[in-house]
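Colleague: Structure incoming, see below.
What follows is calculated from the coordinates using simple rules that are stated; it is not laboratory data. Note that the structure is a prediction, hence the values are computed from the model and not measured. No Cβ is skipped: glycine too gets one built from the backbone with ideal geometry, and neighbour counts run over all protein chains shown.
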There are 8 protein chains.
Amino acid sequence: MIDEVDKKILNILSQDAKASLKWIGNQCNLSAAAVHLRLKKLEKQKIITGSKSVIDTYKLGYQTQSFIGIYFDRANMYKKVSKALYQIPEVVECNYTTGNFSLLVKVMCRDNQHLTQVLSEKIQVIDGIARTETFIALEQTFNRSIQY
Amino acid sequence: MIDEVDKKILNILSQDAKASLKWIGNQCNLSAAAVHLRLKKLEKQKIITGSKSVIDTYKLGYQTQSFIGIYFDRANMYKKVSKALYQIPEVVECNYTTGNFSLLVKVMCRDNQHLTQVLSEKIQVIDGIARTETFIALEQTFNRSIQY
Amino acid sequence: MIDEVDKKILNILSQDAKASLKWIGNQCNLSAAAVHLRLKKLEKQKIITGSKSVIDTYKLGYQTQSFIGIYFDRANMYKKVSKALYQIPEVVECNYTTGNFSLLVKVMCRDNQHLTQVLSEKIQVIDGIARTETFIALEQTFNRSIQY
Amino acid sequence: MIDEVDKKILNILSQDAKASLKWIGNQCNLSAAAVHLRLKKLEKQKIITGSKSVIDTYKLGYQTQSFIGIYFDRANMYKKVSKALYQIPEVVECNYTTGNFSLLVKVMCRDNQHLTQVLSEKIQVIDGIARTETFIALEQTFNRSIQY
Amino acid sequence: MIDEVDKKILNILSQDAKASLKWIGNQCNLSAAAVHLRLKKLEKQKIITGSKSVIDTYKLGYQTQSFIGIYFDRANMYKKVSKALYQIPEVVECNYTTGNFSLLVKVMCRDNQHLTQVLSEKIQVIDGIARTETFIALEQTFNRSIQY
Amino acid sequence: MIDEVDKKILNILSQDAKASLKWIGNQCNLSAAAVHLRLKKLEKQKIITGSKSVIDTYKLGYQTQSFIGIYFDRANMYKKVSKALYQIPEVVECNYTTGNFSLLVKVMCRDNQHLTQVLSEKIQVIDGIARTETFIALEQTFNRSIQY
Amino acid sequence: MIDEVDKKILNILSQDAKASLKWIGNQCNLSAAAVHLRLKKLEKQKIITGSKSVIDTYKLGYQTQSFIGIYFDRANMYKKVSKALYQIPEVVECNYTTGNFSLLVKVMCRDNQHLTQVLSEKIQVIDGIARTETFIALEQTFNRSIQY
Amino acid sequence: MIDEVDKKILNILSQDAKASLKWIGNQCNLSAAAVHLRLKKLEKQKIITGSKSVIDTYKLGYQTQSFIGIYFDRANMYKKVSKALYQIPEVVECNYTTGNFSLLVKVMCRDNQHLTQVLSEKIQVIDGIARTETFIALEQTFNRSIQY
């Protein structure tokens, strides 16, 4: 579907969405025009779907990142609970997982007090949730894009 | 540190790194020049640190995303093990957590066979790791930036 | 009930249901007729109950084999839940076990997406199931008949 | 790769390896010759790899079937431990799994005393195994081939 | 309350309820009459409350001894559930414990099939029991009276 | 092996080792001589192996009964650890079990302080024990012989 | 907010609420009057909020201290259950925690029998509590104020 | 040992170490002199062993209180590990407990970053500790003295 040169371009863009065609071309031994064509193709294939600024959430005061394992009180609550979680802005990632708990979500809060409030007033009141188990990320060692 | 208008700008950029000054200005009732000044300040404060293209990893064949809880065989292995994990390209996120296991990492693989290989040949051979527990994300319900 | 020669015959047949009487006889120092008599007896005793072709399910696209531990929401759901599980063709084995969970079932799916669907749309909707815990068999090291 | 008729044939053979060409043909609206051709193709593609007699192990006195979760004392013991387990005839299935334990094996024993012996004298003496957790299958509710 | 000689007597009787006064006296440097007086006192103090024959339950066919941890579905079920368990003759010991489960009971059965039946038809149907976890005693290493 | 009358006799003796032949006979519609013959046979078959006085251990000050789950640091420590446990008089019962821990032992102590000492100075110093988990029996609801 | 001298004063007072101004002054190279001023300030800032006598609860017969993990039967029971626990005098500390259980409380009882009663008659009857897990503090190694 | 009036006095002092003799007397219908005599006796009996100021640790910036369960790598490490923990000022309470982990300690830190440092640089480097499990007290609902 994509070749090694495409992968190289994607690796560059996954670290800088605004890399210039020229600079990408230099890295890949391509003309800027050729890079442009490849980018168009990757966008048309919906492999590149957009861009986002990288923002230092810690500096903005979001210093308590946590993972919360969610247990349901009945087994078939996946869709209903997911929708309710989506309404909570602090819940930034939601996965339906194998293993002990049904959902593993990532939550960004300012501090432990904020987390307490999100947990007890927003998450635990959702119908269908029986129990939650919180893992606070004491330190995020690294977080990066996959290299192809 | 930052005001409500800055937050609005950050929310826009977290969904589109390439939003035009004019369009951002329209959303915030600011002139493009005023937006430009604010962006400069946010970059200078190292609140905006860069940008990344959003790439559909699933479409590129990375269809098995998993979370792996890592237990150490001795308690003080945090730094040594983290460094070794950083050398593995499939490990895209690493957190030092409270709770059952010491590290919770996110791993992106093409399929279960690829995961088997990463697990048995790359992760479990790291000195200091006693045991791993894998949670495969059967479905990623959502993954988004926090809204300020 | 059966002697050492019977065991030898059963070991041969557990690896090849179509082994010829003559070949079995050669392995056991028996005439083909004697083998025939013993086979008749083993069938009459309902020790040999049939035969099955060995089919490479992995090659047919069933690449995600998993074990699922099932917890009930009330303790006495064994019979009711078992019956419901039997209606799901992907569930190929069901055991009532000691230990943490009440049932341990084996499920054959094409991939993780298929498993997600079986789990959330077929298994977790069964009345009486409170929670499931999935163990994906990343690799099946071996699977064989017992040798007597 | 295979069509609906092939699937029907495989379903029949997975329940009776010795089904006659004619009988299979009747079920599928095919001539015996056409069935023969399809069987040859399925064997050539290594989709059908052999056959096995179905033997009532319970009647032969193997009344304690169990699943044993195996924890390693070091993380990278998968290959070494698997090989050692393969030498134990009572271990009939071995899977490398996600979740709590590293290996999930199925063991067939005559009774609890036999299992005690296999566990303490054969399995737990293998270098690299730290701990085992046994789930006895009090009752095997069903065990069947997948239907395609 | 009791002295060292009393303890010696109790140790003897805990191994043989029918030990003769004379033999006990020999062990303790007492006359048979003095032993008699002490026994009377120990019975009056309700320290010795009776006697029981020691019966080889294994030889009588009770070959599956198990411990079952019982979890309640509501927290305050201790008295109600205990009473119901007392009606089941196979349940020979019941303890209200700290830790994971609420009750830890000992169950004597003839074999795993008998245990399956006791578990699914007698124990798990008791109102208030949410879940059970069975530990089969593969081997009882020893079982003795405490020595004072 | 034994008939219903034998069972009745055993039930009586399991509650009173000193029941008179006459009284047993009355309960079973037998002469004392016939009871005598049956008792001789049950002793000769080693079904009745002795007798023990029933002693109120709680009254003697043994008020903290606990169950201790023992985990090994290597898997094959069963025999060695069992022998060491047998040397500790407070350990009155030892079982090799399926499930989480390898051994489940019963320990009789005077109080929590005594248990602390037995645990830290006698049990946890045994070579081969990695970890223990203690369940204190807050109340022993009942403890009785099985009725045949 | 407070300086190193304040910290030194607080450390002294956390071990002796009645330390004299003069003695504190000697330790800190301050006049008694200066100490007095600082104390007034610390009280005004509500950093020092009172004093308590240190009482040997063990000597008063409270010999079973335990920690009890509380699981809710529905997720949003934090406030309601906390209030009910506050009514039980033996519950001296209550924390809303991350991890397995929702609340971790400390309970002071005279002995295991008293704990049994508090657990089954006071705590487990609270509406909203599904399950409790008790950790008895066999020995309190130390308990002290933090040093600043 | 102590009577109801003593208990009343202790309850008062456990909330205010500096309560005046007169005020205590009023509460208990005693003269100040009688209160004085009782206090002397309680001190002589070492029931009252001192006093401590109550300090608002949260206001001083210690906003992350946590409980840490400690698992040993060998079973008999209680005394050695306890001593090492005593050297860490942030560890304010240490209990040797029944249940899953061997020690349950309380740790007072300024924030999650401080906790990370205490955990990885002070606690997990202690020889004999295999693993820790952290429960952050998101909110301390209450913390009080027992009332007699």
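Colleague: Please give every one of the aspartates and glutamates within straight-line cross-link reach of A:K122, meaning a C-alpha to C-alpha distance under 12 Å, and leave out same-chain neighbours fewer than 8 residues apart.
Modeller: A:K122 reaches A:E90.
Colleague: Oh, and also: Enumerate the calculated ³J(HN,Hα) couplings along the stretch H:119-129 in order (Karplus 6.51 cos²θ - 1.76 cosθ + 1.60, θ = phi - 60°), each rounded to whole Hz, writing x wherever the residue is Gly or Pro.
Modeller: 5, 7, 9, 10, 7, 6, 8, 5, 5, x, 8
Colleague: Could you state the angle between the C-alpha long axis of helix A:4-13 and the longest principal axis of the C-alpha atoms of chain A, as a value from 0 to 90 degrees rounded to the nearest 10?
Modeller: On a 0 to 90 degree scale, this one is about 60.
Colleague: Given the -39500 (n - 2.57) contribution per DSSP H run of 4+ residues, what per-residue ellipticity at 222 nm results for chain A, rounded to the nearest 500 deg cm²/dmol?
Modeller: -9000 deg cm²/dmol
Colleague: By Cβ position, which chain A residue lies least far from the axis that rotates chain A onto chain H, and what is the distance to the nearest whole angstrom?
Modeller: Per the Cβ-to-axis criterion, the result reads A:I136, 3.
Colleague: Please report E:R144, E:R38 as a ranked list, fewest other C-beta atoms within 10 angstrom at the top and most at the bottom.
Modeller: Taking fewest neighbouring Cβ atoms as first place, the list is E:R144, E:R38.
Colleague: Treating cross-link reach as a plain straight distance, find the lysines whose alpha-carbon is under 23 Å from the alpha-carbon of C:K41, omitting any fewer than eight places away in the same chain.
Modeller: C:K7, C:K8, C:K18, C:K22, C:K52, D:K18, D:K52, D:K59
Colleague: Could you state the angle between the C-alpha long axis of helix D:32-44 and the longest principal axis of the C-alpha atoms of chain D, as a value from 0 to 90 degrees rounded to the nearest 10?
Modeller: Here the helix axis deviates by roughly 40 degrees.
Colleague: Report the local net charge at A:A33: Lys and Arg +1, Asp and Glu -1, summed over other residues whose C-beta lies under 15 Å from its C-beta.
Modeller: With Lys, Arg at +1 and Asp, Glu at -1, the net is +4.
Colleague: Given axes a ≥ b ≥ c from the Cα gyration tensor, I'd like to know whether chain D is rounded (a/c under 1.5), prolate (a/b larger than b/c) or oblate.
Modeller: Prolate, because a/c is 1.5 or more and a/b exceeds b/c.
Colleague: Next up: Based on the Cβ-Cβ distance of C:K7 and C:S31, what FRET efficiency does E = 1/(1 + (r/R0)^6) give at R0 = 22 Å, to the nearest 0.05?
Modeller: Computed FRET efficiency for C:K7 and C:S31 comes out at 0.75.
Colleague: Which aspartates and glutamates, if any, have their Cα less than 18 Å from the Cα of C:K83, not counting same-chain residues under 8 positions apart?
Modeller: Leaving aside aspartates and glutamates fewer than 8 places away in the same chain, those within reach of C:K83 are C:D73, C:E93, C:E121, C:D127, D:E139, E:E121.
Colleague: Still on this model: In whole Å, what is the distance between the alpha-carbon centres of the stretch F:67-100 and the stretch C:1-73?
Modeller: 40 Å
Colleague: Which ordering of D:L30, H:L37 is given by a fewest-first count of other beta-carbon atoms within 10 Å?
Modeller: In increasing order of surrounding Cβ atoms, one gets H:L37, D:L30.
Colleague: Something else now. Does the stretch H:69-148 come out rounded, prolate or oblate, given a ≥ b ≥ c as the square roots of the eigenvalues of its C-alpha gyration tensor, rounded meaning a/c under 1.5 and, failing that, prolate meaning a/b above b/c?
Modeller: Oblate.
Colleague: May I pose another question? Which shape class applies to the stretch D:4-44: rounded if a/c is under 1.5, otherwise prolate when a/b exceeds b/c and oblate if not, where a ≥ b ≥ c are the square roots of the Cα gyration tensor eigenvalues?
Modeller: rounded
Colleague: Still on this structure, I have one more. Please state the relative contact order of the stretch D:4-44 as a whole percent: Cα pairs under 8 Å, 6+ residues apart?
Modeller: 31 percent
Colleague: Determine the sum of side-chain charges near G:L21: Lys and Arg each +1, Asp and Glu each -1, restricted to other residues whose C-beta is under 12 angstrom from that of G:L21.
Modeller: In short, +4.
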